[in-house]
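A short write-up of the structure that comes next.
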Amino acid sequence: MITQEAAGWELPDWQRQQADLITDPAELFAQLGLTPQDLPASLAAAGDFPLRVPRRYVDLIERGNPNDPLLRQVLSAPEERQLQQGYSADPLEEAEHTAVPGLLHKYHGRALLVVTGACAVHCRYCFRRHFPYQTHLSGKRWEQALEWLAARPDINEVILSGGDPLTLNNRRLEQLLEALAGIPHLRRLRIHSRTPVVIPERL
Ligand code: SF4
């Protein structure tokens, strides 16, 4: 087998961290010395939205403290499965505002691109945990979304979102940013990301 080193290339540190996340609640429980009796409920709660947490973030969590606020953001918990009256799987009603696949248009002057379904961390409070990410931008959908933006001079702001746009590699991001820069009426770009918080090396 040819290793990355032998082939003369190596993944940047942030990509290595992203490829080596903790995804098994049992490993997280063991690493943090949490009460094993709580593990089955956590495993069940991770079912439709798996655990994903970078290891260096876990290093910041207090061992043996199930209420550490950093832990509560990432550990699947049984409360997530309780149905609450008045709450919905699509709280922002984004499904109704898909202009073309991967592009949401809800507010005047602004469009949001769902550039990926991937995140460096799964936040338990995520309002897109049930988002149909099969519609995120890929292949021909990029062209379709860029054509839509180019034909809409009333849009002056684009938000890169997902998922987390900073999970894309630099080459992909550069391609996208160059394409957006070529649309003259776009004035503002916003990037919605949590990656700088959990893998600061990304920046
Ligand atoms: S990084 Fe953003 S999109 Fe991803 S799970 Fe967290 S809140 Fe949701």
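Of note:
- Filter result for the condition that a residue is in contact (Cβ under 8 Å) with a residue 12 or more places away in the chain and under 16 Å from Asp24 (Cα atoms), over Arg52, Arg81: Arg52
- Residue in the range 84-99 that is closer than 24 Å to Tyr133 by Cβ and more than 22 Å from the chain's Cα centre (by Cα) present: yes
- On inspection, Cys126 qualifies as surrounded by fewer than 17 Cβ atoms within 10 Å (Cβ to Cβ) and within 16 Å of the ligand (Cβ to nearest atom).
- Residue list for the range 46-72, restricted to those being assigned to a loop (DSSP other than H, G, I, E, B), within 21 Å of the chain's Cα centre (by Cα) and more than 19 Å from Thr195 (Cβ to Cβ): Ala46, Gly47, Asp48
- Of the residues making up the range 78-107, those that are in a loop (DSSP other than H, G, I, E, B) and crowded, with 16+ Cβ neighbours inside 10 Å are Pro101, Gly102, His105.
- Residue in the range 170-177 that is outside any helix (DSSP H, G or I), within 27 Å of Arg56 (Cβ to Cβ) and open to solvent by 10 Å² or more (accessible area, probe 1.4 Å) present: no
- Near pairs, Cβ below 6 angstrom, 6+ apart or cross-chain, from the range 85-113 (under 12 Å from Trp148 (Cα atoms) and assigned by TED's automatic domain parsing to the domain that holds Leu177) to any residue that is of a type in the set (Asp, Glu) and open to solvent by less than 50 Å² (accessible area, probe 1.4 Å): Leu104/Glu94
- Residue that is more than 13 Å from the ligand (Cβ to nearest atom), closer than 26 Å to Gln17 by Cα and either within 18 Å of the chain's Cα centre (by Cα) or modelled with pLDDT under 95 (or both), where the choices are Leu177, Leu173, Leu160, Leu166: Leu173
- Of the set (1) modelled with pLDDT of 95 or more; (2) open to solvent by 20 Å² or more (accessible area, probe 1.4 Å); (3) within 16 Å of the ligand (Cβ to nearest atom), all apply to Glu147 but (3).
- Set Leu75, Leu43: member being assigned to a helix (DSSP H, G or I) and either open to solvent by 80 Å² or more (accessible area, probe 1.4 Å) or in contact with a Leu (Cβ under 7 Å, 6 or more places away or on another chain) (or both): Leu43
- Checked against (1) among the β-branched types (Val, Ile, Thr); (2) open to solvent by less than 60 Å² (accessible area, probe 1.4 Å); (3) under 25 Å from Pro91 (Cα atoms); (4) out of contact with any His (no Cβ under 9 Å at 6 or more places or on another chain), Ile191 passes all but condition (2).
- Against the numbered list (1) touching a Gly at 6+ places or on another chain (Cβ under 9 Å); (2) within 16 Å of the ligand (Cβ to nearest atom); (3) among the β-branched types (Val, Ile, Thr), Ile155 comes up short only at (2).
The values are calculated or read from the model by the stated rules, or taken from the named source; none is laboratory data. The model shown is predicted, which means the values in this text are computed figures rather than measured ones. When we count neighbours, we look across all protein chains shown, and the Cβ atoms used for this are built from the backbone with ideal geometry, even at glycine. Keep in mind that these areas ignore ligands, DNA and RNA; they rest on the heavy atoms of the full protein, side chains included. Shrake-Rupley method; radii C 1.70, N 1.55, O 1.52, S 1.80 Å.
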